[in-house]
Amino acid sequence: MRTERQKAYDERRSTYLDLKMSSNPNWKGGRRKGYGGYIIVLLHPDDPFYQMAQADGVCPEHRYVMAQSIGRCLRKDEIVHHINHIRDDNRIENLHLVNDSDGTHKYIDSLEKKVKQLESELRAVKSNNHMVNRLNTTTGGATSAV
């Protein structure tokens, strides 16, 4: 819950933003790329998800998109995971909500690292088999694959 002081600040900020934002010729809709490659959006104090915004009124877009999708503000222990690991791909079908209090996010990360490792090993085995097969065709089948 926001205090009376915060609400008064929000009201003044809302008036200021209404004057400043859309009338500025450099206004780009309040959307920019932030630290780490994530898209950051500026939320208006009247927005129902404004309580998720940081002190300066900005919110990571992936959290905002997920909150809109489920119809409520996200808790601090909820993490929005980018399925394809592209941080600026905030389509809802690329986002997955994870509760970090039970370590699920770390588990997903460890599984994804293991998949990458296994895919790399599979490529190496296929490459090795390809070389053995080429050698077999040139020598008449004198070698065998491991």
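Worth pointing out:
- Test result for ILE70, on the phi < 0 side of the Ramachandran plot and in contact with a Leu (Cβ under 9 Å, 6 or more places away or on another chain): yes
- Matching strands (runs of 3 or more DSSP E) fully within the range 31-95 where at least 3 residues are free of Cβ contacts under 8 Å to residues at least 60 places away in the same chain and not aliphatic (A, V, I, L, M): 31-33, 78-82
- Residues satisfying the stated conditions in the range 63-74, i.e. closer than 19 Å to ASP100 by Cβ and either touching a helix residue (DSSP H, G or I) at 6+ places or on another chain (Cβ under 9 Å) or hydrophobic (A, V, I, L, M, F, W, C) (or both): ARG63, TYR64, VAL65, MET66, ALA67, SER69, ILE70, CYS73, LEU74
- Residue match in the range 96-110 (condition: surrounded by 10 or more Cβ atoms within 10 Å (Cβ to Cβ), closer than 27 Å to TYR9 by Cβ, under 15 Å from the mean Cα position of the chain (by Cα) and of a type in the set (Val, Ile, Thr)): no
- Taking the range 25-41 as the range and being in contact with a helix residue (DSSP H, G or I) (Cβ under 8 Å, 6 or more places away or on another chain), farther than 17 Å from VAL80 by Cα and surrounded by 14 or more Cβ atoms within 10 Å (Cβ to Cβ) as the test, no residue passes.
- Single unsatisfied condition, ARG63 versus (1) surrounded by fewer than 16 Cβ atoms within 10 Å (Cβ to Cβ); (2) in the same structural domain as TYR35 (by TED's automatic domain parsing); (3) among the basic types (Lys, Arg): (1)
The values are calculated or read from the model by the stated rules, or taken from the named source; none is laboratory data. Just so it is clear, the structure is predicted and the values come from calculations on it, not from any experiment. With ideal geometry, Cβ positions are generated from the backbone for all residues, glycine too; neighbour counts draw on all protein chains shown.
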